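Asks: Can you keep this structure in mind? I'll have questions shortly.
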Amino acid sequence: MSLQITAAAMTLIRERLSRSEIPDPVVRFVEQSEPIRVSATQARRILEATAVDRVSVGDIPTRADELGQIQMRFVPAVYRREQVFRWQLKRIGDVTFVVTFAMRFLRREIDVGAGCLILRDGDGKTLLPQKRQLPRV
């Protein structure tokens, strides 16, 4: 397997696992954005909307309206083992990971940088996280 995880990344992953109450957990790497902040009025509209109602994306302002992009974070997410296929699991040290095809067969390294995990390819190029351009509404 070509996935390597640095000691700093394993420390961050173990910290996340220590906060989980899931028995026999597995770690999947995901990208997430910072929370979208809305006003109290907008939050009420969202919470009171029924399945038939639609909340317009334009009703939820984000910093992307100002910046045009949002910074993603690459983080370890904790799942129950039953939520993933057994063939996707790979144990590295004392942690079981959900490993994608690219992580299993291509050279990848997971390290820590800028307060979150970073995924690099075999040449050291950062693949994740990245800034995402958000669609204009």
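Asks: Residue under question is ASP111, and the condition is that it be touching a strand residue (DSSP E or B) at 6+ places or on another chain (Cβ under 6 Å) and more than 19 Å from GLN32 (Cα to Cα); does it hold?
Replies: Against the criterion (touching a strand residue (DSSP E or B) at 6+ places or on another chain (Cβ under 6 Å) and more than 19 Å from GLN32 (Cα to Cα)), ASP111 does not qualify.
Asks: Name the pairs whose Cβ atoms lie under 7 Å apart, with the first residue in the stretch 82-94 and under 21 Å from GLU15 (Cβ atoms), the second in a loop (DSSP other than H, G, I, E, B), and 6 or more positions between them or separate chains?
Replies: LYS90/MET1; LYS90/VAL99
Asks: List the number of the failed condition for GLY124; all other conditions in (1) surrounded by fewer than 12 Cβ atoms within 10 Å (Cβ to Cβ); (2) in contact (Cβ under 8 Å) with a residue 40 or more places away in the chain; (3) within 23 Å of THR11 (Cβ to Cβ) hold.
Replies: (2)
Each value in this text was obtained by applying a stated rule to the coordinates, not by laboratory testing. From a predicted model like this one, the values you see are computed outputs, not experimental measurements. Counting neighbours? That spans all protein chains shown, and the Cβs are built from the backbone with ideal geometry, glycine included.
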